[in-house]
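> Take a look at the following structure, please.
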Amino acid sequence: MKRKTVLRLGMMWGCVAAVCVFAFCFRAARLEARVMHNDEANQAVRAGILLEEGVYHYDPSDHHGPVMYYAAIPFCRATAKTFAETTEWNYRMVPVVFSLMTLVLMMGLYSSDRRNVFTHPMGVLTAIALTALSPAMNYYSRFFIQESMFVTFLTGMLVCAVQYVRGGGGTCRGAWMAGGFGMFLGLAIATKETVVLSVTAAGVAALCVCGYRRLLNAWNTRDFLIMLGVTVLVMVLFFTSFFTHPKGLYDAVFGTVGSYVHRAGVDDHRNPWDFYLKLLFWHRYGPPLAWPKDVGILGAIRRWHETGRVWSEAGVLVLPALLAVVMAFVRRGERGERTLNRSPFALRWVRFIAMYTIALTVLYSAIPYKTPWCVLSFLHGYIVLAGVGVGLVWEWQGRLPWVWRGGTIAGIVLLLVCGGWYQKAQSERACFSLAADIRNPFVYAHTRTDFMDFVAVIVGAAEEAQGLDTPIAVAAPSTDIWPLPWYLRAYTQVGYWTTITESVEAIAAFDPAILIVESSQRDFAYDRFGKGKQVTDYGYGIRPGVRLNVLLPASVPPPEPGI
């Protein structure tokens, strides 16, 4: 390898390492500060059962795949022996680490021989930096949910596919890449069921870009069987809980489809078709924007930014991505052949990613059931295209006369710096100052910050009673109690019932010192269990529309209203 090439790769990997250090410091900071989301708490409890009992049973009706729970075990055991000893850090470090793996894997999309997605170092470094600075990527990389690791596995699949095409089918390298693709595909399937949308979008993009005949000519049965075998092996290992729960594989194959078809039609998470597009490119909170008369354009933008009125990633994604798509589909090279940097390989890969991203955006937008974290799957495609666009501009300026080159480079660097700064500022708002605020577009059905006042009341009352052995009864629908079980994880006597009216005898036998009930059943609870207890006249809000009341021992000082 030439000395110049070695030096270039060393500098590139040095830049990637610097970006990874920045991303880690940003994403791992103050992980315990934000109140647990109900989905995070639910999954943390399941990981806690696996930690203590070594048992996990896949449930397709209301949970995703098992990979994240197994991935959390090393992080839990690093500082804790029991579920009660774990903290938010143990679980939220899982998406943090996997998000860093995504940054490293993206280097596999670059090669200097122009047979890859990125043909210029500036392109791949820009894409890695934008992934590290993206507000959505940063926010959900601090969430104990599947999306960050799901993006990691999708990126790994793309890298293996690119390297397979470069090495050719039927070769030793092709066999390894087929196995790697199967491993990442199996992990993606065992992580989240929406992988079917990604696979569908990839199939549509491959047919549109290559055509049926080209794909048929490239078919290699050996490599396909290797890929399929590894995929099935990974699926079997995780869905059967490493051969301890065979029914999990049956549920994954036959139970998941019906469950998610039903879920797609429920009203709880129905959102309009442009929900994801607004989330990424123009999210406005509150009433229509009124242009401030006492400040200029920059002052208005600063004011809207500081108050959380406007959010957008369009400035650093749309124009470069459009440039990459236009160059891939329109530019003509020698002999009239459509090329990208005179490389049909790079052309096809950019066209594939463009078609894949558009198809995936359409699929997610067409499904009525929408949650904001799903945006990561196709957001990463836009980021990759933006990196390709920046790389094209950087190569283009290299062909300019010296008299123009300096100004062009300065302009590109200035735009990248300003865009990066704005992305970082939005990420700081999203992850810290507005981490659980409804002005934040990534906050969705989130636990209210003042829910911690409710937790403080329970903890204080328990300390006055029997400490961690205090009997605590919770009577509320199972969907309305989260993340309460997470915050009660250290208490040894906690009972859960869905309604108090139908469980009077069971709760009476439990004889709770503290009784938590749904606000609509407060009066009934006081009439039946109020002897020797005081009841709060106000309800503590968990999420919008969900309120709980608590009956405390009369000896405990009455709490101040938390809301």
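The values are calculated or read from the model by the stated rules, or taken from the named source; none is laboratory data. Only a predicted model underlies this, so the values are computations on that prediction, with no experimental measurement involved. Reconstructed Cβ throughout: ideal geometry from the backbone, glycine too, with neighbour counts over all protein chains shown. The protein model used for the area step is the full one, side chains on, heavy atoms only, and it has no ligands, DNA or RNA in it. Shrake-Rupley method; radii C 1.70, N 1.55, O 1.52, S 1.80 Å.
> Quick one: count up the residues across the range 12-43 that are part of a helix (DSSP H, G or I) and either among the small types (Gly, Ala, Ser) or without any contact (Cβ under 8 Å) to a residue 60 or more places away in the chain (or both). Lay out the reasoning, then the answer.
As a first pass, look at the range 12-43 and keep what is part of a helix (DSSP H, G or I): 12-27, 38-43.
Subsequent filtering for residues that are either among the small types (Gly, Ala, Ser) or without any contact (Cβ under 8 Å) to a residue 60 or more places away in the chain (or both) retains 14, 17-18, 21, 23, 25, 41.
Adding up the residues that qualify gives 7.
> Let me ask something additional. Residues Leu103, Leu50: which one is in contact with a Cys (Cβ under 7 Å, 6 or more places away or on another chain) and either farther than 28 Å from Ala436 by Cα or open to solvent by less than 10 Å² (accessible area, probe 1.4 Å) (or both)?
Leu103
> What about Arg142, is it of a type in the set (D, E, K, R) and modelled with pLDDT of 95 or more?
Details: of a type in the set (D, E, K, R): yes; modelled with pLDDT of 95 or more: yes.
Yes: the conditions hold for Arg142.
> Could you please tell me which pairs satisfy a Cβ distance under 7 Å, a separation of 6+ or placement on different chains, a first residue in the range 419-445 that is assigned to a helix (DSSP H, G or I), and a second residue that is β-branched (Val, Ile, Thr)?
Gly419/Val316; Gln423/Val316
> In addition: Taking the range 56-67, which residues are in contact with a His (Cβ under 8 Å, 6 or more places away or on another chain) and surrounded by fewer than 19 Cβ atoms within 10 Å (Cβ to Cβ)? Spell out the reasoning first.
Just the residues of the range 56-67 that are in contact with a His (Cβ under 8 Å, 6 or more places away or on another chain), to begin with: 56-58.
Across the range 56-67, the qualifying residue is only His57.
> Within the range 170-260, which helices (runs of 4 or more DSSP H) (wholly inside it) include 3 or more residues that are open to solvent by 70 Å² or more (accessible area, probe 1.4 Å) and either in contact with a Phe, Trp or Tyr (Cβ under 8 Å, 6 or more places away or on another chain) or within 30 Å of Ser365 (Cα to Cα) (or both)? Steps first, please.
Working: elements: 172-189, 195-217, 221-239, 247-250.
Here the list reads 195-217.
> Considering only the range 467-493, how many residues are open to solvent by 30 Å² or more (accessible area, probe 1.4 Å), closer than 20 Å to Val535 by Cβ and not acidic (Asp, Glu)?
Total satisfying the criteria: 1.
> Sticking with this one: Return the residues of the range 38-64 that are closer than 19 Å to Arg142 by Cα and among the small types (Gly, Ala, Ser); say none if nothing qualifies.
Residues satisfying the conditions are Ala41, Ala44, Ala47, Gly48.
> Can you name the number of the only condition in (1) open to solvent by 70 Å² or more (accessible area, probe 1.4 Å); (2) more than 31 Å from the chain's Cα centre (by Cα); (3) basic (Lys, Arg) that Arg522 fails?
It is condition (1) that Arg522 fails.
> Out of all the residues in the range 145-160, which are part of a helix (DSSP H, G or I) and either polar (S, T, N, Q) or surrounded by fewer than 20 Cβ atoms within 10 Å (Cβ to Cβ) (or both)?
Within the range 145-160, the first condition is being part of a helix (DSSP H, G or I), and the residues that meet it are 147-160.
The answer is Ser148, Thr152, Thr155.
> Would you point out the residue of the range 261-275, among those that are among the hydrophobic types (A, V, I, L, M, F, W, C) and assigned to a helix (DSSP H, G or I), that is modelled with the highest pLDDT?
Taking the range 261-275 and keeping what is among the hydrophobic types (A, V, I, L, M, F, W, C), we get 261, 264, 266, 273, 275.
Filter again for assigned to a helix (DSSP H, G or I), leaving 261, 264, 275.
Values: Val261: 58, Ala264: 56, Phe275: 92.
Going through the qualifying residues, I end up with Phe275.
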